[in-house]
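Here the structure comes first, spelled out in structure tokens, and everything after it is commentary.
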Amino acid sequence: MRTTVLHNCQLVDGRNTGIQSNVDIIVVGSTIREISPTSTTETYSGVDEIISVDGNLVTPGLINNHTHGTAFGPLFPSGHEALPHSQILQNLDTHLQEGTTTVLCVDGFVTADALAATNQSHPLQVSLASCNTPACLEAATLADGGGLSDENIAFSATDAIGAGAVALGEIGAGHTLGGGGASYMYIPMEVRRRTGVTITSKQADKLKIAVLGRHISASSFDHDAVEESIVDANLAGKLSVDEAKEIVSDIVLPAFDVALYGLTEAAGQAQQSGVPVLVHNAAASMTQVADIARREVTVIAGHSNHNSFDLREGLEHAERLKEHGVIVDVSTLDTFGAQLITSGPDLLFAMFDQGLVDTISTDYAGGHHDSILLVIDRAVKAGVVSLPAAIAMASANVADAIPGLAPNRGRVVPGGCADMVITRADALDDVQAVIVNGTVEVRNGKRVASAA
Ligand SMILES: [Zn+2]
């Protein structure tokens, strides 16, 4: 078996136990064999490869529990038309180059066969969550459903769990619950179709809130705010207040109540099946999420830093969820990069600062998510979380929260699977190398050609 030595590492091993300096990590085959104080390279004269880490940082391969567009099949829990395979493989490359070695695809309607084909095409480990419960399927069909084949529809959540799906999720979504998906996708599409004007996600979001409020309710309609949003989006004279109201309402409301009910239904099914349920946690769904938090089921509250929360509301809600043993997840979204959807890290940083965060994921953010290591870098530099704790939130904590997602992964320890990231300690998102199952898949920041 091939032996590789990672020479002279600073190690953050995923267990939130500090930083080890000057260690060598010996990998045999796909397993971490030994971690020892740094030796001279002559000690390793017989090995196949010595990777000079030179004091850079080694972490576990990251485990991301909230991704979309990472498996062949319908996109999003609204069953939207699938992305081309080439785009999905490119998305997986992006995650891999960012240091992620395992992802949970929470699109929810992908079949086991399509997942197997995905995993055959890419070294990153992809697992499935299913959202194919009766109410969630109905919500998808009402909101979109354009990408659902007969096979997708027939592949129920029960079938999916039988075939190895590790969770139910994403239950509720921005696409069925009037969240980000409505703002970055469905509302701009319909406005463009009617007026020819392209509006931004933020303009669509403002319009949506003017019509339905942050918590999504027809009674929140605010005529003046809608008028202002129309002007802001350069739609004056092209769209009346009534038309704007109709567009937003027709996109968001038909699926909304059934999608909300889907949260309760899926929690019951997850409880019966003994798998966690990963839910869309946002202002619009917070009451139902708080409700299922009381049940005897592992609830993962996805993207609990959702931009629909105001700061105090988001913090208090997360506190209450934690009291009930909910796993509070935060997503990187596009907090620091594109900022097409989110605007700044206030809630995210406050959640770190108050010790409310269990796991860190990316979510999709309209295809512009920030890397997990970038967000950890910024949060550590801002002093709101320690590096070992933050790395654990993106590795061991995730593996522990979802049994079966990443067995024997998430910790750099002897006997563990050799999924590791080598990155710069002073710029964590500057990933140098990524090792999956003992094989170097990213070198010098670039994906190794897959021909080998
Ligand atoms: Zn979501």
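The values are calculated or read from the model by the stated rules, or taken from the named source; none is laboratory data. For clarity, every value in this text was computed on a predicted model and none was experimentally measured. Cβ placement follows ideal geometry from the backbone for every residue including glycine, while neighbour counts extend to all protein chains displayed.
Please verify whether the stretch 315-324 includes one or more residues that are crowded, with 23+ Cβ neighbours inside 10 Å and within 24 Å of residue 186 (Cβ to Cβ).
So far as the stretch 315-324 goes, no, none of its residues is crowded, with 23+ Cβ neighbours inside 10 Å and within 24 Å of residue 186 (Cβ to Cβ).
Can you go through 400, 363, 370 and tell me which one is over 12 Å from the mean Cα position of the chain (by Cα), closer than 28 Å to residue 77 by Cα and of a type in the set (D, E, K, R)?
Being over 12 Å from the mean Cα position of the chain (by Cα), closer than 28 Å to residue 77 by Cα and of a type in the set (D, E, K, R) holds for just one of 400, 363, 370, which is 400.
Out of all the residues in the stretch 372-383, is one or more among the hydrophobic types (A, V, I, L, M, F, W, C) and either within 16 Å of the ligand (Cβ to nearest atom) or in contact with a Cys (Cβ under 7 Å, 6 or more places away or on another chain) (or both)?
The answer is no; no qualifying residue exists.
Give me the helices (runs of 4 or more DSSP H) completely within the stretch 170-261, filtered to those with at least 2 residues that are free of Cβ contacts under 8 Å to residues at least 60 places away in the same chain and surrounded by fewer than 20 Cβ atoms within 10 Å (Cβ to Cβ), ordered by residue number.
Output list reads 187-195, 223-232.
Report whether or not residue 352 is in the same structural domain as residue 106 (by TED's automatic domain parsing), in contact with a strand residue (DSSP E or B) (Cβ under 9 Å, 6 or more places away or on another chain), within 21 Å of residue 62 (Cβ to Cβ) and of a type in the set (Phe, Trp, Tyr).
Judged against the criteria, residue 352 is a match.
For the stretch 261-276, which residues satisfy the criterion of being within 13 Å of the ligand (Cβ to nearest atom) and out of contact with any Cys (no Cβ under 8 Å at 6 or more places or on another chain)?
Of everything in the stretch 261-276, just one residue is within 13 Å of the ligand (Cβ to nearest atom) and out of contact with any Cys (no Cβ under 8 Å at 6 or more places or on another chain), namely 263.
Any residue in the stretch 379-390 that is among the basic types (Lys, Arg) and not in a helix (DSSP H, G or I)?
So far as the stretch 379-390 goes, no, none of its residues is among the basic types (Lys, Arg) and not in a helix (DSSP H, G or I).
Would you list the strands (runs of 3 or more DSSP E) that sit entirely within the stretch 1-41 and hold 3 or more residues that are within 14 Å of residue 421 (Cβ to Cβ)?
The qualifying strands (runs of 3 or more DSSP E) are 3-11.
Can you name the residue in the stretch 292-349 that is among the acidic types (Asp, Glu) and within 16 Å of the ligand (Cβ to nearest atom) and is also farthest from residue 378 (Cα to Cα) among such residues?
329
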